[in-house]
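The values are calculated or read from the model by the stated rules, or taken from the named source; none is laboratory data. Because the structure is a prediction, the values reported are computed rather than measured. In this analysis, Cβ positions are derived from the backbone assuming ideal geometry, glycine residues included, and neighbour counts consider all displayed protein chains.
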């Protein structure tokens with residue numbers, strides 16, 4: 001029997017193993033939920049005691065869903081089947097010890113898990129899918145297909161395919177030639193990139209056509225957003241791929257809570273990219289803990305005076321409009337219910353620092369934070385000193401006071417989905433660069449790509465990219481249908497960590513050249529590292545969003 005003929009049976013066996021693991025995973029989640037809910041509802045102190053276990057179930061959930069999705073969406077293509085098998089087998093190998101640790105902590109019987117681990121068929125599948133000969137075969141099929149091969153079982157309609165082609169051409173022809181200089185010289189994203197992106201309508205992707213954007217008037221088109229973000233991020237994460245996230249978050253906050261007049265005034269301007277936007281949420285003492293934010297808004301005649309600091313406000317210099325999450329209720333005990341969203345207008349600055357004084361004496365200063373990567377947009381420390389914001393710039397006006405947390409969260413789902421697409425774009429760039437370099441580079445008398453270890457590395461990099469892309473596009477479909485909110489955080493968790501893994505291997509395959517700044521993979525590597533931190537840090541997503549949702553759902557059922 002040929003290797004290709006054996007693939008369907010191997011896929012079937014992997015699916016069967018995942019089907020055995022799914023109820024064992026759910027049992028572990030249910031028992032953890034009970035341990036964290038002594039009185040019927042989740043107890044925060046118990047959740048803190050079980051943070052390690054909750055973190056592990058979030059990761060187990062990501063690996064399990066990604067493996068299930070990768071195998072479920074196969075279309076018979078031999079290369080895609082091999083790559084899906086590699087990822088699924090690696091995911092199962094990671095799942096078993098995660099679940100075993102959880103079962104030990106909860107005092108559950110290990111027998112069902114140990115039966116899978118000791119099953120000769122599982123050992124056989126590991127050898128068949130991830131043994132050295134299998135990885136070598138997958139690697140050879142990958143390099144034979146070429147570095148432009150479309151990885152992941154992704155189905156797109158004609159309009160989305162046309163957009164993908166257009167943005168990939170734009171990324172290759174316009175963004176890529178400027179990306180290295182922007183990174184190495186720590187420049188601000190220039191108008192030579194911004195204006196063409198305005199012309200292509202990228203800032204209005206999440207804004208309905210009725211308000212000047214390119215999005216649907218009913219529902220959303222998350223698939224288009226993923227396609228565009230991925231294509232731009234492949235050329236440069238900081239100079240192109242991340243530009244869409246800020247208008248996405250702000251426009252969704254406006255759509256969720258803005259008055260009709262605010263939507264009419266701001267949405268067409270945001271869609272046109274004039275002004276450019278930035279989001280000011282994080283504070284020096286509070287990162288992902290949004291409920292504890294302290295930037296103070298004090299009532300004054302006709303509006304609010306802002307006093308305090310924000311940090312990690314990306315693109316704050318260039319932006320002319322800041323979405324600032326502000327504590328408008330002086331009672332700190334109000335927590336997230338005391339937050340509102342204020343729209344701060346300011347001039348646009350190209351440099352790494354600015355100092356803006358209002359005519360009435362209010363002041364806003366900003367200074368770019370030096371970073372190892374993600375250069376071009378720059379993240380700023382901001383200081384507000386009696387900075388005046390009129391009542392008309394409070395999202396929802398009087399009716400929006402105290403609802404800022406909810407308006408902010410309305411935009412974060414799209415932001416996290418975009419971040420998974422950014423990760424996929426960076427991975428695709430890193431893999432393609434690695435395939436080209438290992439084909440050209442000769443070591444010990446042969447191309448680097450001829451060696452078994454190189455082929456194994458390329459195979460696993462491609463498998464991870466394919467699984468993340470398949471999952472990202474699947475969840476985009478769910479968002480289009482009105483679901484997938486928690487899963488958007490889940491794919492963000494997986495894809496961002498995967499981008500670190502893939503870019504690390506890409507740099508390693510380039511050897512010394514990979515460590516040189518003149519090599520694009522050095523930029524991919526340092527850029528990828530920020531993805532697990534921005535738009536919800538990995539730990540916060542795992543504990544507060546994914547893990548908590550899994551536990552709450554387990555209690556309900």
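Of these, 477, 538, 518, which one is touching a helix residue (DSSP H, G or I) at 6+ places or on another chain (Cβ under 8 Å), surrounded by fewer than 18 Cβ atoms within 10 Å (Cβ to Cβ) and over 21 Å from residue 370 (Cβ atoms)? Write out each step before concluding.
Values: 538 fails: surrounded by fewer than 18 Cβ atoms within 10 Å (Cβ to Cβ); 518 fails: over 21 Å from residue 370 (Cβ atoms).
Answer to the selection: 477.
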Any residue in the stretch 344-361 that's in contact (Cβ under 8 Å) with a residue 40 or more places away in the chain: show its pairings with residues that are assigned to a loop (DSSP other than H, G, I, E, B) and loosely packed, with under 12 Cβ neighbours inside 10 Å at Cβ separation under 9 Å, as long as the two are six or more apart or on different chains. 352/370
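From the list 437, 473, which residue is closer than 21 Å to residue 541 by Cβ and either in contact with a strand residue (DSSP E or B) (Cβ under 7 Å, 6 or more places away or on another chain) or part of a helix (DSSP H, G or I) (or both)? If you could, list the steps in order and put the result at the bottom.
Numbers: 437 fails: closer than 21 Å to residue 541 by Cβ.
Criteria check complete, one pass: 473.
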Within the stretch 385-411, the residues that are part of a helix (DSSP H, G or I) and either over 22 Å from the mean Cα position of the chain (by Cα) or surrounded by fewer than 24 Cβ atoms within 10 Å (Cβ to Cβ) (or both) are 391, 392, 393, 397, 398, 399, 400, 404, 405, 406, 409, 410
Tally of residues being without any contact (Cβ under 8 Å) to a residue 24 or more places away in the chain, surrounded by 13 or more Cβ atoms within 10 Å (Cβ to Cβ) and under 28 Å from the mean Cα position of the chain (by Cα) across the stretch 3-49: 1
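For the stretch 190-213, name all the residues that are touching a helix residue (DSSP H, G or I) at 6+ places or on another chain (Cβ under 8 Å) and either free of Cβ contacts under 8 Å to residues at least 24 places away in the same chain or not in a loop (DSSP other than H, G, I, E, B) (or both).
Scanning the stretch 190-213 gives 190, 192, 193, 196, 197, 202, 203, 204, 208, 211.
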Where in the stretch 484-557 are there helices (runs of 4 or more DSSP H), lying wholly inside it, with at least 3 residues that are modelled with pLDDT of 95 or more? 485-510, 520-528, 548-556
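Return yes when residue 294 is surrounded by fewer than 22 Cβ atoms within 10 Å (Cβ to Cβ) and modelled with pLDDT under 90 and no when it is not. Spell out the reasoning first.
Details: surrounded by fewer than 22 Cβ atoms within 10 Å (Cβ to Cβ): yes; modelled with pLDDT under 90: yes.
Considered against the rule, which asks whether it is surrounded by fewer than 22 Cβ atoms within 10 Å (Cβ to Cβ) and modelled with pLDDT under 90, residue 294 comes out as yes.
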